[in-house]
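The values are calculated or read from the model by the stated rules, or taken from the named source; none is laboratory data. Just so it is clear, the model here is predicted, and its values are computed rather than measured. Reconstructed Cβ throughout: ideal geometry from the backbone, glycine too, with neighbour counts over all protein chains shown.
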């Protein structure tokens, strides 16, 4: 398979300013949707999603965007919301969210230390044409650098936990971070092995995103770190045109980064996938013993480990060289608490994780 058969991954981060009173939210949302149709996104990290208190969620802005894109492109866009607080003088519910057209395998969130308002990191584990990715989206506190640094630390812990449990070709971390390049929260993220995708693609450009009518600061980012050959095709500031009479869709501009796989990564992934297959454990749910089965097509050094939901290793089931063939190992959960666990099989350079459920 040629690298050119792999479609790129178009990722956007955008703070849509919710339903801020006096800003014509309906017209702004229409303009946002029309822009998104032109940009053709695969995944969107959205901040300041609002819905009315008495609308039953039907006017949720992420829902409206996802449904509009689904109709326009003829493919299903799903949305995931994590509620944070009441906004604009308690008139609306506010969420942090993710919209994607690719299958979501798992999703969740973590609560961050509270600053001016409660904050969360939303997470999707997404099966994209480039491989499975972890996608995280957040909105940090806007008043306190020390709070933002705490939030960055908590976010990195959450990200590491998910990366430990579930293999991916890359981790993307988007959001309104309310900090500029060179500040301690941004440096903390970069020092954790992430790249600022816009700065990587445009080393001599500012990438300013606020305020939208005359931007002088960069606080909106798409960070990434890759384990599977993900590379940047381009990264641009978007939503930078008024939709009428000097009115912008939001007080922020957005950022879009287009990712692809390097040719060597495509070849390596195809070769590895031919050499290894991991099957779902059986039975599942189980009590107290289940069988984990995998197939090796080449001799490999294999480790099979089990982790709890916090990413802590609880059992090593195999650790050594194995000949080609279909292999089985038993996991006996006697003495363990009931609940969700994850088993990870690493064979050479390949590793995959699946979920199992122990029920007493």
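Scanning the range 93-107 for residues that are in contact (Cβ under 8 Å) with a residue 40 or more places away in the chain and under 15 Å from residue 158 (Cβ atoms) yields a count of 3. Flag not set for residue 54, criterion: exposed (fewer than 15 other Cβ atoms within 10 Å of the Cβ), at pLDDT 95 or above and on the phi > 0 side of the Ramachandran plot. Within the range 53-85, being in contact with a strand residue (DSSP E or B) (Cβ under 8 Å, 6 or more places away or on another chain) and under 17 Å from residue 35 (Cβ atoms) holds for 61, 62, 65, 66, 69, 77. Scan the range 57-65 and give yes if some residue there is over 25 Å from residue 198 (Cβ atoms) and surrounded by fewer than 15 Cβ atoms within 10 Å (Cβ to Cβ), otherwise no. Yes: the range 57-65 contains one or more residues that are over 25 Å from residue 198 (Cβ atoms) and surrounded by fewer than 15 Cβ atoms within 10 Å (Cβ to Cβ).
In the range 289-324, what residues are loosely packed, with under 13 Cβ neighbours inside 10 Å and under 30 Å from the mean Cα position of the chain (by Cα)? Selection gives 309, 310, 312, 313, 316.
Residue-wise test of (1) under 24 Å from residue 208 (Cβ atoms); (2) more than 17 Å from the chain's Cα centre (by Cα); (3) in a loop (DSSP other than H, G, I, E, B).
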position	(1), (2), (3)
11	yes, no, no
20	yes, yes, yes
29	yes, yes, no
35	yes, yes, no
41	yes, no, yes
64	no, yes, no
81	no, no, no
85	no, yes, no
90	no, yes, yes
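Quick check: is even one residue across the range 17-31 without any contact (Cβ under 8 Å) to a residue 60 or more places away in the chain, surrounded by 18 or more Cβ atoms within 10 Å (Cβ to Cβ), closer than 30 Å to residue 165 by Cβ and in contact with a strand residue (DSSP E or B) (Cβ under 9 Å, 6 or more places away or on another chain)? No, the range 17-31 has no match at all. Screening 136, 117 for residues that are in contact with a strand residue (DSSP E or B) (Cβ under 7 Å, 6 or more places away or on another chain), within 22 Å of residue 79 (Cβ to Cβ) and part of a loop (DSSP other than H, G, I, E, B) leaves exactly one candidate, 117. Where strands (runs of 3 or more DSSP E) fall wholly inside the range 171-280, the ranges with 1 or more residues that are within 30 Å of residue 116 (Cα to Cα) and at pLDDT below 95 are 220-226. Residues considered: 336, 307. Of these, the only one that is assigned to a loop (DSSP other than H, G, I, E, B), under 26 Å from residue 160 (Cα atoms) and modelled with pLDDT of 85 or more is 336.
Is the range 149-164 home to any residue that is assigned to a loop (DSSP other than H, G, I, E, B) and either within 28 Å of residue 18 (Cα to Cα) or assigned by TED's automatic domain parsing to the domain that holds residue 32 (or both)? Within the range 149-164 (the criterion being assigned to a loop (DSSP other than H, G, I, E, B) and either within 28 Å of residue 18 (Cα to Cα) or assigned by TED's automatic domain parsing to the domain that holds residue 32 (or both)), the answer is no, since none of the residues qualifies. Of the residues 175, 182, the single one that is assigned by TED's automatic domain parsing to the domain that holds residue 207, farther than 17 Å from residue 96 by Cβ and out of contact with any helix residue (DSSP H, G or I) (no Cβ under 6 Å at 6 or more places or on another chain) is 182.
One line per residue, one yes/no per condition, for (1) at positive phi; (2) touching a residue at least 60 places away in the same chain (Cβ under 8 Å):
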{"site": "180", "(1), (2)": "no, no"}
{"site": "187", "(1), (2)": "no, no"}
{"site": "193", "(1), (2)": "yes, no"}
{"site": "197", "(1), (2)": "no, yes"}
{"site": "200", "(1), (2)": "no, no"}
{"site": "213", "(1), (2)": "no, no"}
{"site": "216", "(1), (2)": "no, no"}
{"site": "220", "(1), (2)": "no, yes"}
{"site": "226", "(1), (2)": "no, no"}
